[in-house]
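A.B. asks: My structure is below; once you've seen it, I'll send some questions.
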Amino acid sequence: MAQREKRSVSFPPDLAGAIDQAAKAAGSSFSSWIAETASRRLRLEAGRQGVAEWELEHGPLTEQELAEGLHRARELLGRASSSAPTSKKRSA
């Protein structure tokens, strides 16, 4: 079993109720739902930071690169878009 660190946190009643419902719908506990959600948020933030660092070195992503990234993300999530963007490599 994974090691856990117990914490005491407070939520507004409406938020706690919404979390209870979401956890129940997901078949998990309140605590597990919070941990999963926080973990997902931290991964998203790390990804955003990685993109920001890459752009500092290489310049902003082009519209084509953004479209390709969105298409790949949708495929991974099982939400493929209607058409794949055509690949055009960035010049060095």
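A.B. asks: Can you tell me which residue among ARG43, ARG7 is out of contact with any strand residue (DSSP E or B) (no Cβ under 9 Å at 6 or more places or on another chain) and within 30 Å of LEU66 (Cβ to Cβ)? Give the derivation first.
C.D. replies: On the way: ARG7 fails: within 30 Å of LEU66 (Cβ to Cβ).
Selected residue: ARG43, the only one of ARG43, ARG7 that is out of contact with any strand residue (DSSP E or B) (no Cβ under 9 Å at 6 or more places or on another chain) and within 30 Å of LEU66 (Cβ to Cβ).
A.B. asks: A further question on this structure: Return yes or no: is ALA18 of a type in the set (Gly, Ala, Ser), modelled with pLDDT under 95 and surrounded by 11 or more Cβ atoms within 10 Å (Cβ to Cβ)?
C.D. replies: Details: of a type in the set (Gly, Ala, Ser): yes; modelled with pLDDT under 95: no; surrounded by 11 or more Cβ atoms within 10 Å (Cβ to Cβ): yes.
Criteria not met by ALA18.
A.B. asks: Also, quick follow-up: Could we say that GLY47 is without any contact (Cβ under 8 Å) to a residue 40 or more places away in the chain, surrounded by 10 or more Cβ atoms within 10 Å (Cβ to Cβ) and not charged (D, E, K, R) here?
C.D. replies: On the way: without any contact (Cβ under 8 Å) to a residue 40 or more places away in the chain: yes; surrounded by 10 or more Cβ atoms within 10 Å (Cβ to Cβ): yes; not charged (D, E, K, R): yes.
Taking the combined requirement at face value, the residue satisfies it.
The values are calculated or read from the model by the stated rules, or taken from the named source; none is laboratory data. Keep in mind that what you see is a predicted model, and the values were worked out from it rather than measured. When we count neighbours, we look across all protein chains shown, and the Cβ atoms used for this are built from the backbone with ideal geometry, even at glycine.
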